[in-house]
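Data block below; observations after.
The values are calculated or read from the model by the stated rules, or taken from the named source; none is laboratory data. Remember, it's a predicted structure, so these values are computed and weren't measured experimentally. With ideal geometry, Cβ positions are generated from the backbone for all residues, glycine too; neighbour counts draw on all protein chains shown.
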Amino acid sequence: MELMLARRTRLLLVAALSAILVPSAGIADQKKPEHPEHPENAKAAAPALTKDQLADAIAAYVKRESRDGFYTITDPADGRELRLKLDSVHRERLARTAPETYFACADFVAVDGVKYDLDFFMQGKEADKLQFSDVSIHKRNGVERYRWREEDGLWKKEPVERAAGR
């Protein structure tokens, strides 16, 4: 009986020491997110604006910059100045190209009936402080001039010929 009591005491002692020593390693493990793609504080990692806020900021910018209802841009492919009428801003995706830099596509129709898809880039921490930073012609009558690819949660432009050769 005494031998059994000694074994139980040793087991309890080992268990107690393990409980004291092992949790320090366990605490470090508990601080790591379960999966790398799931940040511990998802709310802090989320963008500070919504798809609709971005689309509204782009539409407001286009309206402010338009003259007689037309937004003008020079087409770098041929140097022509285009007079475009805004049809719609895409609201299906909030895309980031850099921290605090977002873009969305907008559909336009030129006075000659040609359809254009322009990418508008806006910068800012909050929806009411977004500022226009750039615009580029993504498509002319549905023909892409470049493609987008996602890399580490950010979107990057890629020439069409490179994207097609993947």
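On the given criteria, is Asp112 acidic (Asp, Glu) and either surrounded by 11 or more Cβ atoms within 10 Å (Cβ to Cβ) or part of a helix (DSSP H, G or I) (or both)? It is false that Asp112 is acidic (Asp, Glu) and either surrounded by 11 or more Cβ atoms within 10 Å (Cβ to Cβ) or part of a helix (DSSP H, G or I) (or both). Here Lys85 meets the list (1) charged (D, E, K, R); (2) assigned to a strand (DSSP E or B); (3) modelled with pLDDT under 50 almost entirely, failing just condition (3). Quickly run through the range 64-94 and pick out the residues that are surrounded by fewer than 15 Cβ atoms within 10 Å (Cβ to Cβ), without any contact (Cβ under 8 Å) to a residue 40 or more places away in the chain and closer than 20 Å to Glu126 by Cβ. Arg64, the sole residue that qualifies. I'm trying to understand the selection: among the residues of the range 92-117, which are touching a helix residue (DSSP H, G or I) at 6+ places or on another chain (Cβ under 9 Å) and modelled with pLDDT of 95 or more? Selection gives Ala106, Phe108. Output the qualifying pairs, or none if there are none: Cβ atoms under 8 angstrom, residues six or more apart or on different chains, first residue in the range 95-121 and over 17 Å from Thr72 (Cβ atoms), second residue small (Gly, Ala, Ser) and modelled with pLDDT under 90. The qualifying pairs are Arg96/Gly153; Tyr102/Ala95; Phe103/Ala95; Ala104/Ala95. Of Lys129, Lys125, Lys139, Lys157, all but one fail to be over 18 Å from Thr97 (Cα atoms) and surrounded by fewer than 17 Cβ atoms within 10 Å (Cβ to Cβ); the exception is Lys139. Among the residues making up the range 129-147, those that are within 23 Å of Tyr61 (Cα to Cα) and either β-branched (Val, Ile, Thr) or assigned to a strand (DSSP E or B) (or both) are Gln131, Phe132, Ser133, Asp134, Val135, Ser136, Ile137, His138, Lys139, Arg140. Quick check on Asp117: is it under 19 Å from Asp87 (Cβ atoms) and exposed (fewer than 14 other Cβ atoms within 10 Å of the Cβ)? No, not satisfied. Among the residues of the range 154-161, are any modelled with pLDDT of 90 or more and under 21 Å from Asp52 (Cβ atoms)? There is no residue in the range 154-161 that is modelled with pLDDT of 90 or more and under 21 Å from Asp52 (Cβ atoms).
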